[in-house]
Amino acid sequence: MKKKDLEKHLKINGCILARDGGNHSIWINHISGNHSAVPRHNEIDNRLCKNICKQLAIEFPNKF
């Protein structure tokens, strides 16, 4: 999955970007209070995207 598509999905589901680091960006879901690190690669493996969504307590998009 493309990083921009994942970030768009996170924003739609109420997550916000907390901070950008050198290798990872930290995203927070204010509804559930969970946070997760998203790598700054252009392509992110679907299994990793699924784990990020699970950590943030949101559903993984079906179209990917």
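Readers should treat all values here as calculations from the given coordinates under stated rules, not as data from a laboratory. Note that this is a predicted model, so its numbers are computed, not measured. Neighbour counts run over all protein chains shown; Cβ positions are idealised from the backbone, glycine included.
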Restricting things to alpha carbons, find the Rg to Rh ratio for the chain using the Kirkwood radius for Rh.
0.91
With charges only on Cβ, +1 for K and R and -1 for D and E, what is the dipole size of the chain about its Cα centre, in debye, rounded to 20?
80 debye
Could you tell me the relative contact order of the chain? Use alpha-carbon pairs under 8 Å, at least six residues apart, and round to a whole percent.
31 percent
Counting only backbone N atoms under 14 Å from a point 7 Å out along Cα-to-Cβ of Asn46, the residues of segment 1-20 in range are 1-2
Taking only DSSP H segments of four or more residues, each worth -39500 (n - 2.57), what value at 222 nm results for the chain once the sum is divided by all its residues, to the nearest 500 deg cm²/dmol?
-9000 deg cm²/dmol
